[in-house]
Amino acid sequence: SPKLPLVATLGADILAQSNYKTGGFMTAEEISTGTDQLLASMDEGVLTITLNRPEARNALTFELLDAFAEQLAYAESSSDVRCVVVTGGGKGFCAGGDVKAMAARNEGARTVTVDEAINRQRIYQRATSGRLYKMPKPTIASLPGAAAGAGLGIALACDLRIMSSKAILTSAFARIGFPGDYGGTLFLSQLVGTAKARELYFLSERVSADEALRLGLTNWVVEPEDLAAKTDEIAKRLAKGPTVAFGYMKENFARALTSGDVHDCLDLEVSHHIHCAGTEDHKNAAKAFIEKREPEFKGR
């Protein structure tokens, strides 16, 4: 059966295979991911991950998911990575799972039981959508084209979305008799409310970039030729921001959406706020405020 993502054994392997550098930002460097199906590069604290199967609208395979999971695991643990961008090669973002490719990879292998298949997908989902959502660093989905099925879940798992005016969003699951995966039902409900989320899942209609902006499913819509520049602008701005505070902000928002007790949210905010008071970033920013200049954040 297909191997599971080695999300806990990265460190030295990725450092050895890539051009990551320690001790501060670096100029843009290509990173070896072990497969042409996923590209990665680092530039001034921004890790850009490109799903790279344009001939299949960047549909997910086990090989791509393994590499994706490894890069996200490293991004979460590396102090050099201060913002993560996920995008797609060619004209699409991600069409979801590539059933044909996964089935072909399984040919000749022993039959996978239902329980094994469930466990495998749980691991992949937690290592991709789950990690993007919970990672204590800002994440951006940059959409040159369609995000469908699992691709929609991955895009919605990110903190922010930037869409080309030609891009569309669609759950697509009802068209093939699936209920949905990769967190789409949760993330969509959080963004647009349960009634609208059910409509979009039940009817599987295509949501244009302008409609996505109106619904709050994307933060920016730009012309296709401006997508890379806008993504770079926002990502670099976040990478230069207070990384520790951003991580606490993400946890605060996640707790606010899942906890039914207001005191739990208030207490968590207090704890995070006091912790940030001791960071270099806060102290330097407070000094910059008094001196009437822009702060310079180091992520510490």
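The values are calculated or read from the model by the stated rules, or taken from the named source; none is laboratory data. Please read these numbers as outputs of a predicted model, since none were measured by experiment. Cβ coordinates were reconstructed from backbone atoms using ideal geometry, including for glycine residues, and neighbour counts include every protein chain displayed. Just so you know, the surface numbers come from the protein's heavy atoms only, side chains and all, with ligands and any DNA or RNA stripped out. Shrake-Rupley method; radii C 1.70, N 1.55, O 1.52, S 1.80 Å.
Here the stretch 190-258 and the stretch 271-300 have alpha carbon centers that stand 26 Å from each other.
Between residue 41 and residue 100, the modelled label-to-label distance comes to 3.0 nm, taking each label 7 Å out from Cα in the direction of the beta carbon. Computed on the Cα atoms alone, the convex hull of the stretch 139-283 gives a volume of 107 cubic angstrom per residue.
Distance between the pseudo-spin-label points of residue 126 and residue 91 (7 Å out from Cα toward the beta carbon): 3.9 nm. Under 5 Å from the amide H of residue 40 lie the amide H atoms of 31, 50, each residue being 5 or more positions distant or on a separate chain, with H modelled from the backbone and absent for Pro and chain starts.
For the stretch 79-226, how big is the tail of P(r) above 23 Å, as a whole percent of Cα pairs? For the stretch 79-226, the fraction of Cα-Cα distances above 23 Å is 37 percent. Using a probe of 1.4 angstrom, how much of the accessible area of the stretch 39-159 is carbon and sulfur, in percent? Within the stretch 39-159, the accessible surface is 51 percent carbon and sulfur. Taking label points 7 Å from Cα along the Cα-to-Cβ direction, residue 191 and residue 223 give a separation of 2.5 nm.
Computed from the C-beta positions of residue 290 and residue 116 and an R0 of 41 Å, the FRET efficiency is 0.10 to the nearest 0.05. Ordered from highest to lowest accessible area with the whole protein assembly present and a 1.4 Å probe, 214, 53, 255 read as 214, 255, 53.
Per-residue extension of 0.36 nm, minus the Cα-Cα distance of residue 203 and residue 134, leaves a gain of 21.9 nm for this segment. Per residue, the convex hull around the alpha carbon atoms of the stretch 59-101 comes to 77 Å³.
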